[in-house]
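Each remark here refers to the structure printed beneath this line.
Every number here is computed from the coordinates shown, using simple stated rules; none is lab data. Every value quoted in this text rests on a predicted model; they were computed, and no experiment measured them. Methodologically, a virtual Cβ is constructed for each residue, glycine included, from the backbone with ideal geometry; neighbour enumeration extends over all protein chains shown.
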Amino acid sequence: MLIVSWGRRRAYAPHATLGPLVVLVLCCLLFSNPVAASAGDHLPKFRQCVEICERENCGPDAEHHTPIPLLHRLLFWTCPAECDYTCQHIVTARRQAADPPLPVVQFHGKWPFHRWLGMQEPFSVIFSAGNFAAHYNGLHSKVLAKIPATYPMRRFYVALAWIGMVTWFFSMVFHTRDFAVTEQLDYFAAGASVLYGLYYAPVRLFHLDRPAQRPVLRVWTALCTGLYLAHVAYLRLWRWDYTYNMAANVACGVIQNALWSWFSYNRYRRNHLAWATWPGIVVAWILIAMSLELLDFPPLWGAIDAHSLWHLGTIAPTVLWYKCVPRLFTSQFRGGMRTSSCFTTGFS
C-alpha cells in the first residue's frame with residue numbers, strides 16, 4: 001500500500017527554537033492556504049505511470065518484481081512507494097521539457113524532491129540536524145558549562161535544550177519519511193516546544209523559581225502539563241484537526257510573545273542597554289527566514305525549497321540564544337554589571 005502524507009505539509013516548523021518569537025511564524029502560517037490535495041495527484045499521466053509501474057514491478061512473481069535496495073527497505077520504501085517516487089520525477093521532467101515548459105507541481109502536498117540515502121527531503125533533514133546540534137552544543141557548552149548548578153533557573157534551561165533536541169529529532173524523522181505516525185510525532189514535539197516556551201516565560205519573568213513562589217510554580221506546572229496532555233489526547237483520540245492545532249499554538253505564542261516584549265521594553269526603558277534590543281534582531285532574522293516559507297517555490301535542483309531554507313534560517317538564532325541568554329540571566333551571580341555586553345549584563 002502506498003503511504004503518503006496527510007494531505008498538507010507540516011503547519012509549522014518547529015520547533016521552538018526561540019520560544020517567545022515562534023508566534024511570528026505561527027501567525028504567518030495561520031493565514032496561508034495549505035493544500036488538501038495536490039495538482040500532481042490528479043494528472044492522468046502520473047496516474048497512468050504509477051499504474052503501469054506497479055503492474056510491471058510490484059507483481060508477486062519474479063518476472064514482475066523489482067528488488068528494492070536495502071537502505072530503502074530499511075526506511076520502509078515499498079514497491080508502490082518506489083513507483084510513486086519514480087513517476088513523480090518522470091512526469092516532472094517531461095513537463096519541464098515541454099515547449100513551452102509547464103510549471104512544476106506538487107504531489108501529495110509536497111514538491112518532487114530528489115531523495116538522498118532514502119531521505120525524502122534531505123536538506124530539511126540536514127538543516128533540522130543543524131538545529132539539533134545547536135541545542136546540543138548550547139546545552140553542553142553553555143548551559144551545563146557556564147550556568148552554576150546553584151542557579152534555580154538552570155534546570156529550566158536544561159529542559160529547554162532537551163525539548164529542543166527532541167523536537168528537531170522528530171523533524172529529522174518526519175522529513176526522512178513522511179508517514180502518519182512521523183507527522184504526528186513531529187506535531188506533538190513541536191507543540192511541546194511552543195507550550196514549554198509559554199510555561200518558561202512566566203517562570204523567568206515573574207521569578208516563580210524562587211522558594212516563596214513554589215506553590216504558584218506547582219499550580220502553573222500542573223496546568224501546563226494538563227493542557228498539553230489534553231491537546232495531544234484531542235488530536236490523537238478525537239480528531240486530527242489542523243485548524244485547532246494551529247490556533248492552539250498561535251494562542252500560546254501570542255501570550256509568550258507579549259510577555260517577552262513587555263520584559264524587553266521595560267528593561268531598555270530602564271537601563272538603555274544595547275542587549276535589550278536583541279529580541280528585535282532575532283525577530284527580523286525570523287521574519288526574513290519566514291518570508292521564504294510564505295513565498296514557497298519549487299525546489300532548486302530538486303533539493304532545496306523554501307521550507308528547508310526556513311530550517312536553515314533558525315540555526316543561527318538558536319546559537320545566539322544559547323550564547324547570550326543564559327549568561328544574561330545568570331549575571332546576578334556577578335553583580336549585574338551595567339554594560340552592553342551580553343555576557344555580563346544583569347537581567348534580574
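Phi-derived couplings, Karplus 6.51 cos²θ - 1.76 cosθ + 1.60 at θ = phi - 60°, listed residue by residue for the stretch 309-319: 5, 4, 5, 4, x, 8, 5, 4, x, 5, 4 Hz, with x used for Gly and Pro. The string of couplings for the stretch 240-250 from the Karplus curve (6.51, -1.76, 1.60, θ = phi - 60°) is 7, 10, 5, 5, 4, 4, 5, 4, 5, 5, 5 Hz, one whole number per residue in order, with x for Gly and Pro. Would you please calculate the Kirkwood hydrodynamic radius of the stretch 54-207 over all C-alpha pairs and express it in Å, rounded to one decimal? The answer is 18.8 Å. Comparing Cα centroids, the stretch 162-181 and the stretch 120-134 end up 10 angstrom apart.
Going 7 Å from the Cα of ALA62 in the Cα-to-Cβ direction, what parts of the stretch 68-99 have a backbone nitrogen less than 16 Å from that spot? The answer is 68.
Excluding same-chain neighbours fewer than eight residues apart, the lysines reachable from LYS110 by a Cα-Cα span under 28 Å are LYS45. Derived scalar couplings between HN and Hα for the stretch 90-97 equal 5, 5, 4, 4, 5, 5, 6, 7 Hz in order, rounded to whole Hz, by the Karplus curve 6.51 cos²θ - 1.76 cosθ + 1.60 (θ = phi - 60°), x for Gly and Pro. The alpha-carbon of LYS146 sits under 28 angstrom from the alpha-carbons of these lysines, leaving out residues fewer than 8 places away in its chain: LYS323. For the peptides 193-200, 241-248, 112-119, 133-140, residues were scored by their other Cβ atoms within 10 Å and the scores averaged per peptide; the highest-first order is 193-200, 133-140, 112-119, 241-248.
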